[in-house]
Amino acid sequence: MQKREVGKVGGGAAGGAPTPAPKRGRPFGSTSSNSAAAAAAAAAAAVADLAAPSTLLGPSLQVHSSFADQNNKRIVLALQSGLKSELTWALNTLTLLSFKEKDEVRRDATPLAKIPGLLDALLQVVDDWRDIALPKDLRGTPRVRLLGANSIVSGFGNEYQALSLNEPPHPVLVSESSNVETLGGKGHTNLKHHPSEWWFDEDGLFNLDEDGRAEKQQCAVAASNIIRNFSFMADNEIIMAVHRHCLETIFQCIEDHNTEDEELVTNFLETVVNLGPLLDLRIFSSSKPSYINIREKRAVQAIMGILSSSVKAWHCAAAELLGRLIINPDNEPFLLPFAPQIYKRLVDLLSLPAVDAQAAAVGALYNLSEVNMDCRLKLASERWAIDRLLKVVKAPHPVPEVCRKAAMILESLVAEPQNKAVLLSYENMFAEILFSDCRHSDTFARILYELTSRPGNKVTTTHGIWGSY
């Protein structure tokens with residue numbers, strides 16, 4: 001089976017060449033610090049305009065193209081080390097290498113294939129944060145640290161303050177008879193841990209103080225932001241779309257959106273939306289090694305959970321993701337069982353005053369309506385679906401392409417004879433738009449012709465006259 005036209009997601013003009021799916025930017029209002037960040041960015045831009053020539057669009061940090069080649073091993077080892085200073089340096093470096101302004105002149109992007117093991121190292125930073133909240137029996141096996149293995153403390157939180165200079169630098173076990181033995185000694189019966197060495201215990205390995213937990217969380221958010229930035233680069237899309245550990249981590253964070261850090265969820269949600277046109281949900285049942293027990297159904301349920309969220313940036317992204325996933329026919333068996341819930345929620349989004357929510361819902365419904373006849377029948381039978389699609393056209397929506405897609409959804413619905421009885425009640429509204437809006441007159445002329453024609457007739461290539469048959 002051939003895959004449906006990917007260009008539909010891009011919103012290309014009718015009859016034109018297909019355009020690639022646009023990348024998502026940071027949704028406005030997705031974080032609480034947007035207003036402060038916007039004010040700071042505006043102030044920085046004003047200062048830069050006074051000192052920089054008019055050809056520059058603002059201050060920019062130039063990174064030499066050979067930096068990643070010369071330091072790739074050090075970056076990966078620093079991420080794997082778990083040491084605060086090394087992690088901070090690596091995350092700051094990767095943030096600069098992965099960030100690129102929309103109109104920036106710099107062309108030297110950093111593909112993931114250029115730094116072996118980088119994506120796994122970044123995911124390890126996220127896993128380290130998520131392991132803190134997990135029970136012991138659900139934690140992963142201990143990871144081998146190639147850098148910083150002999151360090152007494154990692155630097156996170158107040159470990160230096162908790163460390164006493166009068167006590168041995170390595171963990172010891174003290175018996176009741178005051179015999180001191182090392183960790184590698186024998187006869188550990190009736191032994192108890194030294195009270196001040198609690199952080200070396202396996203059970204207390206991730207029991208950081210509040211400052212340490214906050215720093216671990218910041219590192220995970222920074223790593224997710226780097227992964228998000230990498231997803232905007234064409235060289236990285238294919239690598240990330242077939243990386244099972246990456247997708248499992250993303251969908252697990254999306255699934256836990258009620259308890260997980262909001263910016264972490266937003267970063268991963270934008271990442272998977274960028275990868276949507278290339279994503280095949282069958283990867284969760286493939287022979288590739290699995291780190292988290294996630295299957296196709298659970299992944300779709302995670303999307304449905306975020307679609308039901310009240311956060312505008314999240315449910316808009318989820319609607320956009322569903323519209324991109326359904327383009328691949330291989331994803332249909334996993335998405336169509338949730339079609340009734342999807343239609344109901346997307347129709348609810350059409351009633352929201354936010355124009356971006358309406359645009360995301362129309363885009364998803366546009367692709368879903370072209371899957372098969374059953375999808376068109378279910379959408380037409382959804383309460384308020386026709387009425388709200390017409391309101392998007394009549395309002396009109398500020399983006400003409402959204403209005404065009406809403407009209408084309410109605411045209412695809414009227415092509416099914418079973419839907420004519422439902423659509424005939426809107427005949428007067430169709431006629432009103434036909435005579436009042438020249439931009440969509442052709443589409444609604446075909447809709448009215450189909451409604452009033454004999455059941456066996458098909459819409460011809462020429463535009464029929466409404467009412468004649």
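Here are the numbers:
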quantity: Separation of the Ile132 and Thr95 label points, Cα + 7 Å toward Cβ, nm; calculated: 1.7
quantity: Loop-located trypsin sites (Lys or Arg not before Pro) in segment 359-421 whose Cβ has at most 16 other Cβ within 10 Å (DSSP); calculated: Arg383
quantity: Length released on extending from Val355 to Gln301, taking residue separation times 0.36 nm less the Cα-Cα span; calculated: 16.9 nm
quantity: Accessible area per residue, Å², segment 214-299 with all protein chains present, probe 1.4 Å; calculated: 36
quantity: Centroid-to-centroid separation of segment 285-311 and segment 384-398 [C-alpha atoms, Å]; calculated: 32
quantity: Inter-label distance, nm, simple model (7 Å from Cα along the C-beta direction), Asn428/Ser287; calculated: 6.5
quantity: Per-residue ³J(HN,Hα) for segment 345-362, Karplus 6.51 cos²θ - 1.76 cosθ + 1.60, θ = phi - 60°, Hz, x for Gly and Pro; calculated: 6, 5, 5, 5, 5, 5, 7, 6, x, 5, 5, 6, 5, 4, 5, 5, 5, 5
quantity: Share of carbon and sulfur in the accessible heavy-atom surface of segment 306-357 [1.4 Å probe, %]; calculated: 62
quantity: Segment 265-326 shape via C-alpha gyration tensor axes, a/c threshold 1.5; calculated: prolate
quantity: Solvent-accessible heavy-atom area per residue, rounded to whole Å², over segment 383-422 at 1.4 Å; calculated: 42
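The values are calculated or read from the model by the stated rules, or taken from the named source; none is laboratory data. This one's a predicted model, so the numbers in the text were calculated from it and none came from an experiment. A quick note on method: Cβ atoms are made from the backbone with ideal geometry, for glycine too, and the neighbour counts reach across all protein chains shown. Surface areas here come from the heavy atoms of the whole protein model, side chains and all, with no ligands, DNA or RNA. Shrake-Rupley method; radii C 1.70, N 1.55, O 1.52, S 1.80 Å.
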